[in-house]
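Before any comments, here is the structure.
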Amino acid sequence: VSEAVVALETMALPARWSAETLRHDWGEGRLSAADLAAECRRRIARGDGGLRAFVRVDPRLEERAAAVDSRRARGEPTPLGGLPVAVKDNLLTAGLETSCGSRILDGFVPPVDATAVARLREAGAVVLGKTNLDEFAMGSSTEHSTHGATRNPWDPERVPGGSSGGSAVAVAAAMAPLALGSDTGGSIRQPAAFCGVVGVKPTWGRVSRSGLVAFASSLDQVGPLAREVASAARLLQAIAGPDPLDATAAARPVEDYVAACGRGVAGMRVGLPREYFSPPLDPAIAERVRAAAAALEREGARVEEVSLPHTRYAVPAYYLVATAEASSNLARYDGVRYGIRRGGGGLRETYRRTRAAGFGPEVKRRLMLGTFALSAGYHERFYGRAQQARALVRRDFVESFRGGVELLLTPVSPVGPFRLGEKLEDPLAMYLTDVYTVTANLAGVPALAVPLGLDGHGLPIGGQLIGPHFGEATLFRAAAVLERAFPTPAPPCVEAGARRA
Amino acid sequence: MTHIDEAEVRRIARLAHLDLDDREVRTLRDQLGAVLSYVALLDDLPILPEPAETRAVPADPAPVAHPDEPAPCLPVEEALRNAPDAVAGWLRVPRTLAE
C-alpha cells in the first residue's frame with residue numbers, strides 16, 4: 001500500500017470527491033477546512049509533477065483554511081464552506097505571485113485581490129494556489145506558458161485545452177474541488193470539455209473583471225470550473241454581481257443558480273444551430289451532441305434546428321478584435337512599473353528589449369496581428385470589418401432567442417484533445433479549434449460546457465449550452481439534466497485511487 | 001493570399017515596441033501571411049446600412065454608477081514594490097530626452 005493511499009484513508013476522503021459533499025460535510029463539522037487544504041496540498045505534491053496544473057500553492061494555505069474554520073465556529077455565513085479553489089494565474093491574488101504564464105511578469109506580487117478572488121474568500125473558500133495557463137490567456141492548449149506545458153490527465157501525451165488548462169486539470173485530477181478560469185474565446189469551456197469537467201463562461205458583465213489581467217476587455221469573463229453542475233452554479237453565484245471597481249459589471253440581481261439546477265427542462269425550446277454540425281466536426285462528437293439533444297427531449301424539452309448564418313465569420317472576426325484589444329492592453333508591459341526590465345540605451349529601446357525578452361512567441365504573434373489590424377491603411381479593412389462581423393454574429397443569437405428558442409446546444413470543439421505539439425507550429429490550425437466557442441464571446445452571451453461521457457478512445461466529449469444575455473439559470477437547468485444523462489467518470493489516475501481506497 | 005513582406009513585419013514590430021531577430025521576422029512573415037489570407041473571408045461580408053452595434057451586451061436599463069466620492073488608493077510604497085527600479089518614491093526610467 002502506497003503512502004498516498006494511507007494518506008487518503010487517514011483523511012477518509014474519497015479519491016473521486018464531490019465538492020457538494022465536501023461542502024456539506026464541512027458545514028456539519030465532519031471535516032475541517034485546514035485538513036481539506038492539507039489534503040489538497042498532498043494530492044498536488046503527489047500528482048502534479050507529471051501534469052503541471054499548478055504553478056504555485058499558497059504557502060499560507062493551511063493558515064488561511066484554519067481562519068475559515070474559525071469563522072464556522074463563530075457562526076458566520078460561508079456559502080462556499082471551507083472549499084479550496086484553484087485560481088488561474090491571470091487573476092490577482094494579494095501577496096501571492098501572479099505570472100500570467102509570462103516571463104515579463106516574473107516576480108510580480110499583486111498588492112490586491114481580483115474582485116472574483118475577494119468574493120471567494122468572503123464566501124468562505126480558500127485560495128489553494130495558482131494554475132497554469134497559456135501566456136496572458138492566449139492559446140487553446142496550455143502549451144504556451146513560461147512554466148511549461150500542462151498535460152491532460154486522461155492521456156498525458158495530449159493537451160488539456162486552454163487557456164485555463166491548469167484549472168481544468170486541477171479539478172479533473174481531483175487536486176482541487178473547484179477552480180476559477182477566464183474565457184475570452186473558449187478558454188474555460190474548451191479545457192473543461194477536454195478534461196471532462198463543467199465550465200461556465202458567464203454573460204459579459206455578469207462577473208467583475210477587476211483584477212483579471214486584461215487580454216481583450218470586450219470579450220474577457222471570469223467563470224467557474226467544477227466536476228458537478230451544482231458546484232459550478234454555487235461558485236458562479238458567489239462571484240457574480242455588480243462591483244464598484246468595474247463599471248461594466250452589470251447591476252442586475254444574481255439569480256439562484258443552484259436552485260435552477262433542480263428545475264428540469266420540461267417545455268423548454270432548445271435550438272440545434274445547423275452551422276455547428278458541419279465538417280470539420282468529428283462525427284463522434286456530432287453524434288454525442290445529438291444524443292444529448294435526445295436526452296433533453298426525453299425530459300420534456302422541444303428540440304428544433306435553427307440557423308446562425310454568420311457563424312463562418314466568427315473566427316476571423318474574433319482573431320482581429322481580440323488581438324487588436326490585446327495590442328492595446330499589453331502596451332502596459334514596458335519594464336517600468338512591474339515585471340522584468342531589459343535596459344541599455346534609451347526608454348524606447350528599454351521597451352523593445354524588455355518586451356522581446358519577456359513575451360513568448362504566441363503573444364508576440366498576436367500583438368503583431370493586432371497592431372497590424374489597427375494600423376493606418378489597414379484599420380478599416382481588417383478591424384472595421386471584424387467589428388461588423390461581430391455585430392452580425394451577435395444579431396444571429398439575439399434573433400434566435402427572440403424567435404422563442406431558450407437555449408442552443410452545440411459541440412464545444414470540433415475535435416477532441418489533440419497531441420502535445422501537434423498544432424504548435426501551425427497557429428491558424430490552433431485558432432480554428434475555437435470555431436464553436438468564440439461566437440458566445442463575440443455576442444456577450446453566456447455559455448456552459450458539460451461532459452457528455454467518453455469517446456471510443458476513452459477521452460472526454462463536451463457539449464455546449466448557449467443562452468441569451470443573463471440566461472445563466474437556463475443553462476444550469478439543462479446542464480443538470482445532461483449531467484444525469486451522461487455520467488462521466490474521473491480520469492484513470494483518479495479512478496485507480498478510488499479503487500485502491 | 002495576403003502578402004506581407006519582411007519590411008512590413010519590421011514596421012509593425014516598431015509600432016508594437018518589439019525587437020525581433022531575423023528568424024522571428026521570417027517566421028512571422030509566413031504565419032501572419034497565412035492568418036491574414038484566412039481573415040480575408042471577411043471581405044465577403046455584406047455591408048451594413050447602419051453603423052455596427054458592437055457592444056457585448058445591450059445597454060443595461062439601470063446604468064452602473066456610484067457616488068463620486070473620494071476613496072483610499074494604493075499607497076505609493078505599495079505601488080512601487082513591483083517596480084524594476086524605484087527611488088525615493090518615484091519610478092526611475094532610462095533617459096528619454098536624448099532620443
### Summary
Here the residues within the stretch A:27-61 that are at pLDDT below 95, assigned to a helix (DSSP H, G or I) and more than 27 Å from A:P492 (Cα to Cα) are A:G27
### Message
I'd like to know if the stretch A:419-436 contains one or more residues that are touching an Asp or Glu at 6+ places or on another chain (Cβ under 8 Å), buried (at least 24 other Cβ atoms within 10 Å of the Cβ) and either facing chain B (nearest Cβ under 10 Å) or touching a residue at least 12 places away in the same chain (Cβ under 8 Å) (or both).
### Response
no
### Task
Output the helices (runs of 4 or more DSSP H) that fall wholly within the stretch A:393-501 and possess 2 or more residues being in contact with a Gly (Cβ under 7 Å, 6 or more places away or on another chain), or say none.
A:438-443, A:472-485
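Conditions tested, residue by residue: (1) in a helix (DSSP H, G or I); (2) on the phi > 0 side of the Ramachandran plot; (3) within 14 Å of chain B (Cβ to nearest Cβ).
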| residue | (1), (2), (3) |
| --- | --- |
| A:T78 | no, no, no |
| A:G82 | no, yes, no |
| A:T98 | no, no, yes |
| A:I104 | yes, no, yes |
| A:D113 | no, no, yes |
### Query
Which is in contact (Cβ under 8 Å) with a residue 12 or more places away in the chain, surrounded by fewer than 24 Cβ atoms within 10 Å (Cβ to Cβ), of a type in the set (A, V, I, L, M) and within 24 Å of A:L367 (Cα to Cα), of A:A149, A:A137, A:A123?
A:A149
### Segments classed as strands (runs of 3 or more DSSP E), wholly inside the stretch A:205-314, with at least 1 members that are out of contact with any Ser or Thr (no Cβ under 7 Å at 6 or more places or on another chain) and buried (at least 23 other Cβ atoms within 10 Å of the Cβ)
A:221-226
### Set A:E63, A:E39: member being without any contact (Cβ under 8 Å) to a residue 24 or more places away in the chain, more than 30 Å from A:A214 (Cβ to Cβ), away from chain B (no Cβ under 14 Å) and not basic (K, R)
A:E63
### Message
Against the definition (away from every other protein chain (no Cβ under 11 Å) and either in a loop (DSSP other than H, G, I, E, B) or modelled with pLDDT under 95 (or both)), how does A:G384 come out, yes or no?
### Response
no
### Task
All but one of (1) touching a residue at least 60 places away in the same chain (Cβ under 8 Å); (2) among the charged types (D, E, K, R); (3) closer than 24 Å to A:A137 by Cβ hold for A:R394, so report the exception by its number.
(1)
### Query
Any idea which of A:E39, A:E28, A:E76, A:E20 is surrounded by fewer than 24 Cβ atoms within 10 Å (Cβ to Cβ) and either within 30 Å of B:E78 (Cβ to Cβ) or not charged (D, E, K, R) (or both)?
A:E76
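Here's the yes/no breakdown for (1) modelled with pLDDT of 95 or more; (2) assigned to a loop (DSSP other than H, G, I, E, B); (3) not aromatic (F, W, Y):
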position	(1), (2), (3)
A:V68	yes, no, yes
A:V85	yes, no, yes
A:R121	yes, no, yes
A:L128	yes, no, yes
A:F136	yes, no, no
A:T150	yes, yes, yes
A:S163	yes, yes, yes
### Query
Residues of the stretch A:357-391 being small (G, A, S) and either within 18 Å of A:A326 (Cα to Cα) or in contact (Cβ under 8 Å) with a residue 12 or more places away in the chain (or both), which ones?
A:A357, A:G358, A:G360, A:G370, A:A373, A:S375, A:A376, A:G384, A:A386, A:A389
### Summary
Considering the stretch A:291-317, residues that are among the hydrophobic types (A, V, I, L, M, F, W, C) and farther than 23 Å from A:L452 by Cα, and then whichever is farthest from the chain's Cα centre (by Cα), we arrive at A:L308
### Query
Which condition does B:D22 not pass, out of (1) in contact with a helix residue (DSSP H, G or I) (Cβ under 9 Å, 6 or more places away or on another chain); (2) within 8 Å of chain A (Cβ to nearest Cβ); (3) modelled with pLDDT of 95 or more; (4) under 18 Å from A:R355 (Cα atoms), if it passes all the others?
(2)
### Query
Going by the conditions given, is A:L180 at negative phi, more than 14 Å from every other protein chain (Cβ to nearest Cβ) and under 15 Å from the mean Cα position of the chain (by Cα)?
yes
### Task
Select, from A:P492, A:P487, A:P451, A:P460, the only residue that is out of contact with any helix residue (DSSP H, G or I) (no Cβ under 6 Å at 6 or more places or on another chain) and modelled with pLDDT under 95.
A:P492
### Task
Could you look through the stretch A:318-340, keep only residues that are crowded, with 22+ Cβ neighbours inside 10 Å and under 20 Å from B:N82 (Cα atoms), and pick out the one that is farthest from the chain's Cα centre (by Cα)?
A:G335
### Pick from the stretch A:402-415, criterion surrounded by 23 or more Cβ atoms within 10 Å (Cβ to Cβ) and not aliphatic (A, V, I, L, M), ranking: nearest to the chain's Cα centre (by Cα)
A:S413
### Query
Applying the selection to the stretch A:321-375, what residues are of a type in the set (D, E), more than 9 Å from chain B (Cβ to nearest Cβ) and part of a loop (DSSP other than H, G, I, E, B)?
none
### Task
Could you check how many residues of the stretch B:1-38 are hydrophobic (A, V, I, L, M, F, W, C) and either more than 19 Å from the chain's Cα centre (by Cα) or under 16 Å from A:D426 (Cβ atoms) (or both)?
9
### Query
Considering the stretch A:480-501 alone, what residues qualify as being aliphatic (A, V, I, L, M) and farther than 22 Å from A:D282 by Cα?
A:A480, A:V481, A:A490, A:V494, A:A496, A:A498, A:A501
### Query
Which ones in the stretch A:255-270 are among the aliphatic types (A, V, I, L, M) and in contact (Cβ under 8 Å) with a residue 24 or more places away in the chain?
A:V258, A:A260, A:V265, A:A266, A:M268, A:V270
### Message
Condition first: over 9 Å from A:Y318 (Cβ atoms) and at pLDDT below 95. Now tell me which residues in the stretch A:425-442 satisfy that.
### Response
A:E425, A:D426, A:P427, A:L428, A:A429, A:M430, A:L432, A:T433
### Message
Looking at (1) at positive phi; (2) in contact with a strand residue (DSSP E or B) (Cβ under 9 Å, 6 or more places away or on another chain), which one does A:A174 not meet, given that it meets all the others?
### Response
(2)
### Message
Can you say whether A:G81 is crowded, with 20+ Cβ neighbours inside 10 Å, modelled with pLDDT under 95 and within 30 Å of A:A498 (Cβ to Cβ), as far as the supplied structure shows?
### Response
yes
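The values are calculated or read from the model by the stated rules, or taken from the named source; none is laboratory data. The shown structure was predicted, so the numbers you read here are calculated from the model rather than taken from an experiment. Neighbour counts run over all protein chains shown; Cβ positions are idealised from the backbone, glycine included.
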